[in-house]
Amino acid sequence: EKDSLHERAYLTLRRALILGRFRPGQRLLLKPLAEELGISVTPVREALQRLASEHGLVNDRSRTMIVPILSVSRFREIRDIRIELEGRAVEAATKLITPGDIGKLEEIQQSLLQRRQAGDVQGALANNQAFHFRLYQRADLPVLLSLIEGLWVRIGPLLTCLYEYSEPVASREHPHVAILAALGSKDAAAARLAIANDIMWASGSLEKAVIALQERGPDD
């Protein structure tokens, strides 16, 4: 039972990082998290320590867990690795994708745009994550998918700043449109280029956020 509670806390908190439900510099307090999850503090503490070992969290001097604020150089490193790994996943997925898969991705993209227009940041981020990972899962490369998830644990919190530092984009100009077009034509090279362009499109705004967060520092 203890192992089960630990795994539940770990997976819940890990997914929260991937989805951007915690922001960079946020302090994660043990008791409130345990109350929210409806379990004791021990499995939550173990889950936080496990996430710290994966570089999803860091310990500060008061031994409080903090969502890390990336440096510009670390952000760029993660961005470049994402381009390589996610590009490989999309390339493989393009060969296996079905019209039904593409239809579902189009539905997710439409929901993303609607949430963005309504100012629902968390909803838009959830749809963005769903779009990317539904596509990557289609590649049927579980080791690669695990590596991509590890990168999103580290980059997910920063995505909460994306819309704060970026201008609205017309629906037909959104980078996901090019991805969908490449998938529809079964053009693996174009799909790989489109996912790279998507990551680079966001990186300009995210780098501005990194600089602002570095100046502000962790939450009090």
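The values are calculated or read from the model by the stated rules, or taken from the named source; none is laboratory data. Because the structure is a prediction, the values reported are computed rather than measured. With ideal geometry, Cβ positions are generated from the backbone for all residues, glycine too; neighbour counts draw on all protein chains shown. What goes into the accessible areas is simple: the full protein's heavy atoms, side chains included, and nothing from ligands, DNA or RNA. Shrake-Rupley method; radii C 1.70, N 1.55, O 1.52, S 1.80 Å.
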Check: Counting pairs of Cα atoms in the chain, how many percent are more than 29 Å apart?
Finding: 29
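Considering Cα pairs under 8 angstrom that are at least six residues apart, work out the relative contact order of segment 4-74 and quote it in whole percent.
Numbers: 70 pairs, mean separation 27.0, N = 71.
Relative contact order, segment 4-74: 38 percent.
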Note to self: Testing the spin-label approximation: label points 7 Å from Cα along Cα→Cβ at R23 and D3. State their distance in nm.
What the structure shows: 3.9
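With every protein chain kept in place and ligands, DNA and RNA left out, what is the accessible area per residue of the chain? Probe 1.4 Å, answer in Å². Intermediate results must be reported in sequence, preceding the final value.
Details: 11310 Å² over 220 residues.
Per-residue value: 51 Å².
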Notebook entry, point to check: Would you list K104, K186 from the most to the least accessible area, probe 1.4 Å?
Noted result: K186, K104
Next item on the list: For S185 paired with H55, estimate the spin-label separation in nm (one decimal), with each label point 7 Å from Cα along the Cα-to-Cβ line.
Entry: 3.6
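In terms of solvent-accessible area of protein heavy atoms at a 1.4 angstrom probe, what is the ranking of E107, E167, highest value first? List each step's numbers first, then the result.
Values: E107 115, E167 145 Å².
Reading off the accessible areas and sorting them downward yields E167, E107.
Pairs of alpha-carbon atoms within less than 8 angstrom and 6+ residues apart define the contacts here; what relative contact order does the chain have, in percent?
Working: 275 pairs, mean separation 67.3, N = 220.
Rounded, it is 31 percent for the chain.
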Next item on the list: Provide the solvent-accessible area of D3, counting protein heavy atoms only and rolling a 1.4 Å probe, rounded to the nearest 10 Å².
Entry: 120
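Mind checking segment 164-220 for GluC sites (Glu not before Pro) that DSSP puts in a loop (not H, G, I, E or B) and that have at most 12 other Cβ atoms within 10 Å? Each step should come with its number before you reach the end.
On the way: sites: E164, E173, E207, E215; in loops: E164.
Passing sites in segment 164-220 are E164.
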Checklist line | Cα-Cα P(r), segment 142-220, percent of pairs per 10 Å interval | finding: 16, 37, 33, 11, 2, 0
Notebook entry, point to check: If r is the Cβ-Cβ distance from E149 to R172 and R0 is 35 Å, what FRET efficiency results, to the nearest 0.05?
Noted result: 0.70
Notebook entry, point to check: Given that compact globular proteins tend to follow 2.2 N^0.38 Å, what is the ratio of the alpha-carbon Rg of segment 1-116 to that value?
Noted result: 1.34
Item checked: Residue-level accessible surface for W201, protein heavy atoms, 1.4 Å, Å² -> 90
Check: Can you pull the accessible area of S185 for me, 1.4 Å probe, Å² to the nearest 10?
Finding: 80
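Sort H176, H6 from largest to smallest accessible area, using a 1.4 Å probe on the heavy atoms of the protein chains.
The most accessible residue leads, giving H6, H176.
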